[in-house]
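Shown next, in structure tokens, is the structure this report addresses.
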């Protein structure tokens, strides 16, 4: 489906988009932190390199659960892609493959389980019965397809028809109780509203009652925000897809999720739903960098309106994943503020170079073995009630 005035392309471009390996934005765009770090490998202290190699060798037997691993279908790609070239790119990287290729990549990287979630923005922008039926089909496709064909290798987050909150709550409950899903994943704003809006209280209440988490994945900004923050009229700076990447994985996505987290705390979501569980990807979406500023500056103005200190909600209601951010320094910064019991492994497949890139990185991280097991699989086992 080609973009229309009512359905602008910036909402349709997927993840890093099909510029991830292309030259349209210049060499190096889309390269992982691991790949970039390799460039200066010769300048590193050889003793440190040997130590990391020894650690990685010691931890070759680590089990892994991938908590942010994406899939699509031809129908969903047609809905959420910019054009035919974009669909071709998503097909090429294996987004719609839920069988042999995905299992092969998991085996090569030593990833025991993938928790599947639908490609951004899933069916979030599809209203009414069409959205409700689409979400149900996607959820059932996973149950009847990869979860049946490869027992134990796949789990799933439910796709929800969030334009219809009551139906979304019902589909969440159905998918959890009947199909064994582990929670749900959302993608940014829903018609210019975030999950703190009263419209979505049925979904939050149902997730709390079911004791399952909601994963806050990024989504593209509303038109007005896009026009103010990300668009330029200077044609010499508007290389193909540059503005879409800028508003998405290049920066905008990560700020958008962090803003949603702060909104949910500031506007009392976790006082109304104290047992609600929220997962945030991409090494905290910038939270570790801003943690002290947010805690300090938001603490005083919310002191009389919230039941707890502002930062306490990050400790009580949030979990965080490593998806696509394979950097030791970022992990250490996250662990400075967030308990190791609240951090989980994820690769962001298939939008990374390979699953093995992520598992190799984490095997070499210098943490106590018990902590590495928590992040690699034990925290996910505990949160989701599953076993590798």
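Values quoted throughout were computed directly from the atomic coordinates according to the rules given, and no laboratory measurement underlies them. Since this is a predicted model, take the numbers as computed values, not measurements. Cβ sites come from the backbone with ideal geometry, for glycine too, and all protein chains shown count toward neighbours.
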Please report, to one decimal in angstroms, the Kirkwood hydrodynamic radius of the stretch 305-347 built from all distinct Cα-Cα pairs.
-> 11.4
Share of Cα-Cα pairs in the stretch 269-312 lying beyond 11 Å, as whole percent = 71
Cα Rg over Rh - the stretch 217-339, Kirkwood = 1.03
Output the antiparallel fraction of DSSP beta bridges having both residues in the chain, as a percent to the nearest 5.
-> 5
Cα-based Rg and Dmax for the stretch 171-243, in Å, come out at 17.5, 54
Förster radius 45 Å - calculated FRET efficiency between residue 144 and residue 315 (Cβ-Cβ, nearest 0.05) = 0.70
Length-normalised contact order of the stretch 153-249 in % [C-alpha pairs under 8 Å, at least 6 apart] = 26
Using a cut-off of under 19 Å, list every residue of the stretch 187-213 whose amide N is near the label point 7 Å from the Cα of residue 255 along the Cα-to-beta-carbon line.
-> 188-190, 192-194
In terms of the alpha carbon gyration tensor, root eigenvalues a ≥ b ≥ c, rounded if a/c is under 1.5 and otherwise prolate when a/b exceeds b/c or oblate, the chain is rounded
Looking at the square roots a ≥ b ≥ c of the eigenvalues of the Cα gyration tensor of the stretch 61-133, which shape do they give, rounded for a/c under 1.5, prolate if a/b is larger than b/c, or oblate?
-> oblate
Can you figure out the FRET efficiency of residue 211 with residue 296, using R₀ = 35 Å and their beta-carbon distance, to the nearest 0.05?
-> 0.60
Stretch gain in nm, segment residue 166-residue 387, where the contour uses 0.36 nm per residue and the Cα spacing is subtracted = 76.4 nm
Value of relative contact order over the chain, rounded to a whole percent, pairs C-alpha under 8 Å and six or more apart | 21
Extension gain from residue 178 to residue 231, taking 0.36 nm per residue of separation minus the Cα-Cα distance = 14.6 nm
Per residue, what volume in Å³ does the Cα convex hull of the stretch 315-388 take up?
-> 96
Mean separation of Cα contacts under 8 Å (6+ apart) over length of the stretch 263-324, as relative contact order % | 54
For residue 371 and residue 289 in one chain, what is 0.36 nm times their gap in residues minus the Cα-Cα distance, to one decimal in nm?
-> 27.3 nm
What's the FRET efficiency of residue 55 with residue 354 using the Cβ-Cβ distance as r and R₀ = 25 Å, to the nearest 0.05?
-> 0.80
